[in-house]
Amino acid sequence: NDQPTMFPGVAHFHTVRVAQPGGKFYSTEYLRQLCNLWDFRGSGITNMHGSTGDIILIGTTTPQLEEIFFEMSHNMNQDLGGSGSNLRTPADCIGQARCEFACYDTQDLCYNLTLAYQDELHRPAFPYKFKFKFDGCPNCCVASIARSDMSFIGAWKDDIRIDAEAVKAYVGGEIKPNGGAMPVVME
């Protein structure tokens, strides 16, 4: 704030960017730790995987920054992400871990490219920001085309295969829609 005496409540209002894990898999314990830390050291306002893809912790004061960094990096074993004018934190969809449509292992590729370019995350080597995003299929759950400079999108690379007998069984009612998880009620 350029007028801290007029607006003391927002004299400091730093934002902390936290790198998301592959596929955005979190434990309840981790999320609880993160929220408790932010309630204690920050404003309590978060943006979970908004346009940046990272967790954004919005609003804290300068004296709290080192305390937050120490707690996250030493006690929570968390990388803080990259928000400089270089390679930004890569993001991937849930991929083959939980999605039947994933055509490649998004988490593996994201992890390996992150390791390969780790220096560029923390020691700028490029003239401007650059983002990788990894979508396992054309459904584009990570919005890689809209949110990155280099999109990796899984695509089927063979002829489409149709099991004609299974289609007939489905149409004939022998195979239940959604595996029977949500019965269709006809009136």
Filter segment 165-185 for residues that are assigned to a helix (DSSP H, G or I) and open to solvent by 100 Å² or more (accessible area, probe 1.4 Å); the one that is modelled with the lowest pLDDT is 178
Does at least one position in segment 63-85 carry a residue that is at pLDDT 90 or above, in contact with a helix residue (DSSP H, G or I) (Cβ under 9 Å, 6 or more places away or on another chain), open to solvent by 70 Å² or more (accessible area, probe 1.4 Å) and within 23 Å of residue 129 (Cα to Cα)?
no
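The values are calculated or read from the model by the stated rules, or taken from the named source; none is laboratory data. What you are looking at is a predicted structure, and each value in this text was computed from that prediction instead of being measured. Cβ atoms come from the backbone with ideal geometry, glycine included; neighbour counts cover every protein chain shown. Quick note on the areas: whole protein, heavy atoms, side chains included, nothing else; ligands and nucleic acids left out. Shrake-Rupley method; radii C 1.70, N 1.55, O 1.52, S 1.80 Å.
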